[in-house]
Amino acid sequence: MKQRLYRPFIFAFCLSLATTAPALADAEKPKNARSCISLRALKGTEIVDDQTIIFFMPGKKVYINLLPKACRGLSREGRFSYRVSGSQLCSHDRITILSAFSTGLRDGRSCRLGYFQPIDKEIAADIMARPVHTPTAEPPAPPEPVDITTVIDDPRDKTPDTR
């Protein structure tokens, strides 16, 4: 009897896995990229912009992580946290922006990591030295001034000529 009750739930679970698997694999893994890096070996990070983080490892190992989507506020706040279940930080893990308040740090927006692409230390230094260009919206041009001293004849204002 119990076995029959669980069958619809097992079927629904398998169906949900089949429909979500393509969404999880939406970004192809770049050549030479790693899915995970060791947290024990992590020496530091540098936030380049809202979508790019550089991870420094021992020696000359450096990885760049391009987040699948921009994580608004990441570069402005300049710090993040992460929670992992093991000893590795992986592309399916999420980072959480730490926002400064008068009472201390609070968790902000949470964003998913991308793959860890190895780069040369010199390239990382070049990327960090580049000025970050943030597009700014320019205000619209003001309208041309209108001469309001000109009197415009309005046919509705004319009184009929009764001569």
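A search for C-beta distances below 6 Å between a residue of the stretch 84-99 that is on the phi > 0 side of the Ramachandran plot and any residue that is among the aliphatic types (A, V, I, L, M) and modelled with pLDDT of 90 or more, counting only pairs 6+ apart in sequence or on different chains, returns nothing.
Listed here are the residues, each with its yes/no results for (1) in a loop (DSSP other than H, G, I, E, B); (2) at pLDDT 50 or above.
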| residue | (1), (2) |
| --- | --- |
| Phe11 | no, no |
| Lys31 | yes, yes |
| Ile37 | no, yes |
| Ala41 | yes, yes |
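Within the stretch 103-114, not a single residue is in contact (Cβ under 8 Å) with a residue 12 or more places away in the chain and of a type in the set (Val, Ile, Thr).
Pro68 satisfies every condition listed in (1) free of Cβ contacts under 8 Å to residues at least 40 places away in the same chain; (2) surrounded by fewer than 16 Cβ atoms within 10 Å (Cβ to Cβ) except (1).
With the structure loaded, tell me whether Ala141 is assigned to a loop (DSSP other than H, G, I, E, B), aliphatic (A, V, I, L, M) and under 18 Å from the mean Cα position of the chain (by Cα) or whether it fails that test. For Ala141, the condition - assigned to a loop (DSSP other than H, G, I, E, B), aliphatic (A, V, I, L, M) and under 18 Å from the mean Cα position of the chain (by Cα) - is not met. Among the residues of the stretch 71-117, write down those that are open to solvent by 40 Å² or more (accessible area, probe 1.4 Å), in contact with a Cys (Cβ under 8 Å, 6 or more places away or on another chain) and assigned to a loop (DSSP other than H, G, I, E, B). The one that is open to solvent by 40 Å² or more (accessible area, probe 1.4 Å), in contact with a Cys (Cβ under 8 Å, 6 or more places away or on another chain) and assigned to a loop (DSSP other than H, G, I, E, B): Val84. Could you tell me whether the stretch 46-54 includes any residue that is under 24 Å from Asp107 (Cβ atoms), more than 12 Å from the chain's Cα centre (by Cα), open to solvent by 60 Å² or more (accessible area, probe 1.4 Å) and in contact (Cβ under 8 Å) with a residue 24 or more places away in the chain? Checked the stretch 46-54: at least one residue is under 24 Å from Asp107 (Cβ atoms), more than 12 Å from the chain's Cα centre (by Cα), open to solvent by 60 Å² or more (accessible area, probe 1.4 Å) and in contact (Cβ under 8 Å) with a residue 24 or more places away in the chain.
The values are calculated or read from the model by the stated rules, or taken from the named source; none is laboratory data. Worth saying up front: this structure is predicted, and the values here are computed from it rather than measured. Neighbour counts are summed over all protein chains in view; Cβ atoms, including those assigned to glycine, are modelled from backbone coordinates with ideal geometry. All accessible areas refer to the heavy atoms of the entire protein, side chains included, with ligands and DNA or RNA removed. Shrake-Rupley method; radii C 1.70, N 1.55, O 1.52, S 1.80 Å.
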